[in-house]
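Enquirer: One structure is given below, represented as structure tokens, and several questions about it will come after.
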Amino acid sequence: MPLVAHTNLPTFDRLREEGEEILDPIRAQNQDIREMHIGLLNMMPDAALEATERQFLRLLGACNQIVQFHVHLFTINGLTRSETAQQHINTYYESFEQIKQDGLDGLIISGANVVGNRLAEEDFWQPLTEVFSWATENVTSVLCSCLATHALIQYNYGIQRTLIGKKRWGVYSHKTYNRTHPLVAEINTRFDVPHSRFNEIFQKDMEAYGMTVLVASKEAGVHLAVSPDGFRTVYFQGHPEYDDISLLKEYKREVLRFYRGEINEYPPFPEHYFNTEAQAVFTEYAEKIKHAKATGGELEVFPEHFVLDDLDNTWRDTAKAVFNNWLGKIYQLTNQDRRLPFMEGVDPNNPLGL
């Protein structure tokens, strides 16, 4: 599914450099191929804003090549931004008002950082619920990532996420269930998914409200579930969009937070992520960090360059398959007028006919 560079977003150039097929608008206009329009509501903090663009666009662009794929990036109020990040948004992102006017075939909502424990008290809560409300009526399917999953489940069902006592982060083995569901058709029965969160919505609570769990882990809980209608809302608690270095960058941020005194305990390794050699490198570095903090000594450079060859991505192929299945079903169900969610004859309450 070729991505169309319909704006000058720098992410398109980065993806070209990685070998992704990116169509320029003139070439796209001369192809007799149907368009699909997918929104990406990017709520991630400044440091991860452009990386999140690349991660989701990379997954979408890797899907089948029968559709021209237009990505519409936007964000919402209530998220603190630096001047540089706000300039990026002002230059390359669309407004939600424009999104509503033009319509979308599908919508992805990223995670976000929160300030407190109550989502409904976050500054972004009201703007986010406005997006939820509009998308429920006007978009064929909404795919939520991590924090967005917790927020939309709370908004729809009143289920509040549970603080799990420690950060659940790492790469965990998962198993597929309900294998006749189109989202998990023809994918591996067992595969890895990264997680990174302090909170969880449990399988029993999802199922009590009619949601169907499709992928779960004994260690990490539910990764993938769908709304009672089977497709209108797709919930991820994990992060299939992550790059192989995403958890490494997150670990680095936590180590530096410890050095600056923002957290009291040295961060543990992300689980099932670093091999023995990488753990040895970072164990040695931890002693240097603790000594520098205690003595006011100079901080040594984080030794990430020593471990890059030891990091494996064991989730990307399955993530591509799930995204391909999601987009394929949208293609089969959505109206050619992207302001309308379904073609004639599709039951919005059971769009897959399950």
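Derivation of every value follows stated rules applied to the coordinates shown; laboratory data play no part. Values in this document were obtained by computation on a predicted structure and should not be read as measured data. Glycine gets a Cβ as well: all are built from the backbone with ideal geometry, and neighbour counts include every protein chain shown.
Enquirer: If you fit an axis through the alpha-carbon atoms of helix 83-92 and take the longest principal axis of the Cα set of the chain, what angle between them do you get, 0 to 90°, nearest 10?
Expert: It is inclined by approximately 20 degrees.
Enquirer: Give the span of the chain's Cα atoms along each principal axis, as three whole-Å numbers ordered largest to smallest.
Expert: That gives 69, 48, 39 Å along the principal axes, largest extent first.
Enquirer: Could you tell me how many degrees, from 0 to 90 and to the nearest 10, lie between the Cα long axis of helix 316-333 and the main elongation axis, the longest principal axis, of the Cα atoms of the chain?
Expert: Roughly 20 degrees between the two axes.
Enquirer: In a Debye calculation with equal point scatterers on the alpha-carbon sites of segment 246-310 and no solvent, what is log10 I(q)/I(0) at q = 0.28 Å⁻¹?
Expert: -1.42
Enquirer: For VAL301 and PHE342 in the same chain, what is the full-extension length gain: residue separation times 0.36 nm, less their Cα-Cα distance, in nm?
Expert: Working: separation 41, 0.36 × 41 = 14.76 nm, distance 5.32 nm.
Additional length available on full extension: 9.4 nm.
Enquirer: How many Å³ per residue does the convex hull of the Cα positions in segment 41-140 occupy? If you can, show how the numbers build up before the last one.
Expert: Values: hull volume 11.2 nm³, N = 100.
Hull volume over Cα atoms, normalised by residue count, gives 112 Å³.
Enquirer: How big is segment 98-171 in terms of Cα radius of gyration and Dmax, in angstroms?
Expert: 13.5, 43
Enquirer: Would you mind calculating the gained length between GLU130 and PHE198 on full extension (0.36 nm times residue separation, minus the Cα-Cα distance), in nm to one decimal?
Expert: Working: separation 68, 0.36 × 68 = 24.48 nm, distance 2.55 nm.
Length gained between GLU130 and PHE198: 21.9 nm.
Enquirer: Please compute the length gained on full extension between TYR259 and ASN8, using 0.36 nm multiplied by the number of residues separating them and subtracting their Cα-Cα distance. Walk me through the intermediate numbers first.
Expert: Values: separation 251, 0.36 × 251 = 90.36 nm, distance 3.85 nm.
Separation in residues times 0.36 nm, less the Cα-Cα distance, equals 86.5 nm.
Enquirer: Against the globular-protein guess of 2.2 N^0.38 Å, express the Cα radius of gyration of segment 245-354 as a ratio, rounded to two decimals.
Expert: Values: Rg = 23.3 Å, N = 110, 2.2 N^0.38 = 13.1 Å.
Relative to the 2.2 N^0.38 Å estimate, segment 245-354 comes out at 1.77.
Enquirer: If each of GLU94 and ASP312 carries a label point 7 Å out from its Cα toward its Cβ, how far apart are those two points in nm?
Expert: 4.1
Enquirer: Right, another one. Using every Cα-Cα pair within segment 181-326, state what percent have a distance larger than 18 Å.
Expert: Working: 6714 of 10585 pairs.
Result for the distance tail: 63 percent.
Enquirer: Can you flag which of LYS166/LYS293; LYS204/LYS252; LYS166/LYS329; LYS249/LYS329; LYS100/LYS166; LYS218/LYS290 are past 27 Å Cα-Cα? Can you show the working numbers first?
Expert: Working: LYS166/LYS293 24 Å; LYS204/LYS252 34 Å; LYS166/LYS329 37 Å; LYS249/LYS329 34 Å; LYS100/LYS166 39 Å; LYS218/LYS290 34 Å.
Table pairs above 27 Å Cα-Cα are LYS204/LYS252; LYS166/LYS329; LYS249/LYS329; LYS100/LYS166; LYS218/LYS290.
Enquirer: Using bins 10 angstrom wide from zero, how does P(r) for segment 279-328 break down, in % of all Cα pairs?
Expert: So the P(r) values, bin by bin, are 21, 28, 19, 17, 12, 3.
Enquirer: Once the mean 1/r over all distinct Cα pairs of segment 230-274 is inverted, what Kirkwood radius in angstroms do you read off?
Expert: Details: mean 1/r = 0.0788 Å⁻¹.
The Cα-based Kirkwood calculation yields 12.7 Å.
Enquirer: Taking Cα atoms, how many degrees apart are the long axis of helix 147-157 and the longest axis of the chain, rounded to 10 and kept between 0 and 90?
Expert: 50
Enquirer: A further question on this structure: Rounded to whole Å and sorted largest first, list the principal axis extents of the Cα atoms in segment 129-220.
Expert: Taking max minus min along each principal axis of the Cα atoms, segment 129-220 gives 35, 35, 22 Å.
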